[in-house]
Amino acid sequence: MNKSVKDKRENILFFAWATSIIAMLGSLYFSEIRQYEPCELCWYQRIVMYPFTIMLGIAVVKKDYKIALYSMVLSAIGGCISLYHYAIQKLTFLADAAPSCGRVPCTGQYINWLGFISIPFLALLAFIIIFICSFLIWKKSKEESSQ
């Protein structure tokens with residue numbers, strides 16, 4: 001096995017895991033320290049993100065690159081939820097038609113940094129990073145197995 005390819009996959013896998021840790025800690029910071037109550041869509045995003053910290057952490061320790069396929073699928077699902085959540089926050093025609101989703105409206109924005117960075121945007125960014133890392137690992141593993 002090419003040591004360079006193996007090292008790249010290790011680093012990429014670690015980066016995906018670190019991204020999930022940062023996303024989890026960020027969401028806990030907003031809810032537990034800043035006391036922002038998560039809406040229903042935020043909970044769905046958490047349901048997808050939090051297991052990454054364990055799954056990818058175990059994969060890092062075991063150097064299990066087969067996790068890439070599963071993390072690609074899950075991060076795509078989480079990314080779709082985040083994208084929808086972000087869209088109903090930022091696009092008025094969607095916000096007006098958005099269903100009520102509990103005590104906290106999903107259209108509410110606790111943060112709005114630089115006019116476009118909201119909590120669902122941060123989650124979307126994390127899901128995209130994890131997806132890209134997973135795709136790269138999957139692609140490198142496919143190339144390696146075909147040699």
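Does residue 93 meet the test of being within 20 Å of residue 30 (Cβ to Cβ) and either in a helix (DSSP H, G or I) or of a type in the set (Val, Ile, Thr) (or both)? Break it down stepwise before answering.
Numbers: within 20 Å of residue 30 (Cβ to Cβ): no; either in a helix (DSSP H, G or I) or of a type in the set (Val, Ile, Thr) (or both): yes.
No, not satisfied.
Residue 110 passes all but one of (1) in a helix (DSSP H, G or I); (2) touching a residue at least 60 places away in the same chain (Cβ under 8 Å); which number fails?
(1)
Condition test on residue 146, is it under 17 Å from residue 9 (Cβ atoms), in contact (Cβ under 8 Å) with a residue 60 or more places away in the chain and not hydrophobic (A, V, I, L, M, F, W, C)?
Taking the combined requirement at face value, the residue does not satisfy it.
Out of the residues in the stretch 25-38 meeting the condition of being surrounded by 15 or more Cβ atoms within 10 Å (Cβ to Cβ) and touching a Lys or Arg at 6+ places or on another chain (Cβ under 8 Å), tell me which one is modelled with the lowest pLDDT. Quick ask: steps written out before the conclusion?
Step one: of the stretch 25-38, the residues surrounded by 15 or more Cβ atoms within 10 Å (Cβ to Cβ) are 26-27, 30-31, 36, 38.
Cutting the leftovers down to touching a Lys or Arg at 6+ places or on another chain (Cβ under 8 Å) gives us 27, 38.
Values: 27: 98, 38: 94.
Of everything passing the filter in the stretch 25-38, 38 is modelled with the lowest pLDDT.
Just to be sure, is residue 66 surrounded by fewer than 18 Cβ atoms within 10 Å (Cβ to Cβ), out of contact with any Pro (no Cβ under 9 Å at 6 or more places or on another chain) and either touching a residue at least 40 places away in the same chain (Cβ under 8 Å) or of a type in the set (Gly, Ala, Ser) (or both)? Show your work before the answer.
Working: surrounded by fewer than 18 Cβ atoms within 10 Å (Cβ to Cβ): yes; out of contact with any Pro (no Cβ under 9 Å at 6 or more places or on another chain): yes; either touching a residue at least 40 places away in the same chain (Cβ under 8 Å) or of a type in the set (Gly, Ala, Ser) (or both): yes.
Yes; evaluated as a whole, the condition is true for this residue.
What's the number of the only condition in (1) free of Cβ contacts under 8 Å to residues at least 40 places away in the same chain; (2) assigned to a helix (DSSP H, G or I) that residue 137 fails to meet?
Against the list (1) free of Cβ contacts under 8 Å to residues at least 40 places away in the same chain; (2) assigned to a helix (DSSP H, G or I), residue 137 comes up short only on (1).
Restricting to the stretch 39-61, and then to whatever is of a type in the set (Phe, Trp, Tyr) and either crowded, with 18+ Cβ neighbours inside 10 Å or within 10 Å of the chain's Cα centre (by Cα) (or both), can you tell me which residue is farthest from residue 126 (Cα to Cα)?
It comes out as 44.
Take the conditions crowded, with 16+ Cβ neighbours inside 10 Å, over 16 Å from residue 129 (Cβ atoms), in contact with an Asp or Glu (Cβ under 8 Å, 6 or more places away or on another chain) and not polar (S, T, N, Q) and apply them to residue 101. Does it pass?
yes
Within the bounds of the stretch 74-93, is there any residue that is farther than 19 Å from residue 17 by Cα, touching a residue at least 60 places away in the same chain (Cβ under 8 Å) and not charged (D, E, K, R)?
no
The values are calculated or read from the model by the stated rules, or taken from the named source; none is laboratory data. If you're wondering where the values come from, they're calculated on a predicted model, not measured in any experiment. In this analysis, Cβ positions are derived from the backbone assuming ideal geometry, glycine residues included, and neighbour counts consider all displayed protein chains.
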